[in-house]
Amino acid sequence: MDLQLTWFVLVAVLLTGYAVLDGFDLGIGVIYPFVARNSGQKAMLRSAIGPVWDGNEVWLVTGAGALFAAFPPVYAMIFSGFYLAVMLILFGLIFRAVAIEMRSHDPAWGWFWDASFFGGSAVAAVLFGCALGNVVRGVPLDTNGDYAGTFLQLLNPFALLVAVTGLLMLMTQGTCWAALKIEGQLRLKAMVARSAIHWIFVAALAGLTLYSVFEIPERMQNVVSRPLGWLALAVLVGGILTFRIAVARGGDLVAFVGSSATIAALMGLAAIGNYPAIVPARGTPAATSLTLDNATATDHALLVMLIIACIGLPIVLGYTTYVYRTFRGKIDPSAGGY
């Protein structure tokens, strides 16, 4: 159980790291056509994420790899049952990656690359949220642990509300990063959008919390009955308050930290609420849920992979720290784009 719990925490940490870091990449892509009004401002937004966006996605690859190594049945269920959603996410990430690279080198097709950057970011952000909502809510599973529902069942009201709330949170994260990295008029526009979007996010989160009491009472009970649940709730409230105070005082870095803490707390609440289930069953016998008891690899495999993770994770952390340190500070508007 110790190895299983270790890997449960490790996968949660990796996916949380992705949500925090690539969250502002996706958020900037979503706000891109609304905050930037000309080619120069659009170039500045792309420059704000240019040196780091591809490194941020390493966290997703690492998290998916850890899920495959530690919890093969869960990996198989998600990548088969959520197949259409997963493919749409991949296409979205591919289109936005190509758009970032091509936009400044192919001005004749600038409108297409701008649309691809926005569309790919929005599709990925919404579907990531929808997938998380279904994992928390539970999905129909057969006796083999395979998804027993349809694609339309994944588009249930709870999952869609999680998707909308998550989208607003990532948009807030994106405006925080834009305000942190950019000077001038565009920074002021990002600051205005940052505050307004965050208030809408808080309202959506309040509605989601109320809905969760009736839709997923077991997960809510898990949160309030565990000390870590109360800790995550404290971090969530602290992150929101820190953000609002920082916005009022013009502290861009503190606002970004508050936004990041909010994302981390929400991811933590999802993990704490589900534990010991990884993917709860819904509409089928509870015994078909994928849990730490029936969905983990062998202890030998977990131990070997843990040794590899102990070697590889510091490398990822070191690379991430080096890149962010190298490209710290405001971007140079004279650069003209990524």
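Each reported figure results from applying straightforward, stated rules to the coordinates on display, with no laboratory input. Since the model is a prediction, treat every value here as computed from it, not as a measurement. Methodologically, a virtual Cβ is constructed for each residue, glycine included, from the backbone with ideal geometry; neighbour enumeration extends over all protein chains shown.
Structure values in brief
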| item | result |
| --- | --- |
| For region 5-162: rounded, prolate or oblate by the Cα gyration tensor [a/c cutoff 1.5] | prolate |
| Degrees, to the nearest 10: 72-81 long Cα axis against longest axis of the chain | 60 |
| Candidates ASN38, ASN294, ASN156: whichever shows maximal mean-square fluctuation once the chain is modelled as a Gaussian network with Cα springs under 10 Å | ASN38 |
| Set of aspartates and glutamates with alpha-carbon distance to LYS330 below 14 Å, sequence-local pairs under 8 removed | GLU183, ASP252 |
| GluC sites (Glu not before Pro) restricted to region 182-247 and DSSP loop, no more than 16 other C-beta within 10 Å | GLU183 |
| Fluctuation leader among THR242, THR296, THR150 - the chain, Gaussian network, Cα springs under 10 angstrom | THR150 |
| Prolate/oblate/rounded call for region 180-338, Cα gyration tensor, a/c under 1.5 rounded | oblate |
| Range in the chain, longest, excluding exposed trypsin sites (Lys or Arg not before Pro) [loop by DSSP; at most 16 other beta-carbon atoms within 10 Å] | 38-327 |
| Charge sum, other residues only, whose C-beta stays under 13 Å from ASN56's C-beta, Lys/Arg counted +1 and Asp/Glu -1 | -3 |
| Rounded Å value of the spacing that divides the Cα centres of region 231-262 and region 51-76 | 27 |
| Amide H partners (placed H, <5 Å) of LEU141, local residues excluded | ALA148, ARG282, THR284 |
| Proportion of all alpha-carbon pairs of region 176-239 beyond 15 Å (%) | 66 |
| Relative contact order computed over region 140-234 (Cα-Cα under 8 Å; 6+ residues apart), in percent | 24 |
| Rounded tilt (10° steps) of 227-249 against the dominant C-alpha axis of the chain | 10 |
| Rounded, prolate or oblate (a/c below 1.5 giving rounded, otherwise prolate when a/b exceeds b/c) for region 100-245 by Cα gyration tensor | oblate |
| Cβ-defined net charge surrounding LEU15, 14 Å radius [Lys, Arg +1; Asp, Glu -1] | -2 |
| Pairwise label distance in nanometres, HIS105 with VAL61, each label 7 Å out on the Cα-Cβ vector | 1.9 |
| Average projection area in nm² (convex hull over Cα atoms of region 206-277, one quarter of hull surface) | 4.8 |
| Folded to 0 to 90 degrees: helix 58-70 orientation relative to the chain principal axis, Cα | 10 |
| Along each principal axis, Cα extent of the chain, largest first, Å | 59, 38, 36 |
| Of LEU152, LEU290, LEU233, the one that fluctuates the most in a GNM where the chain has Cα springs shorter than 10 Å | LEU152 |
| Expected 222 nm ellipticity per residue - DSSP helices of 4 or more, -39500 (n - 2.57), all of the chain, to 500 | -26500 deg cm²/dmol |
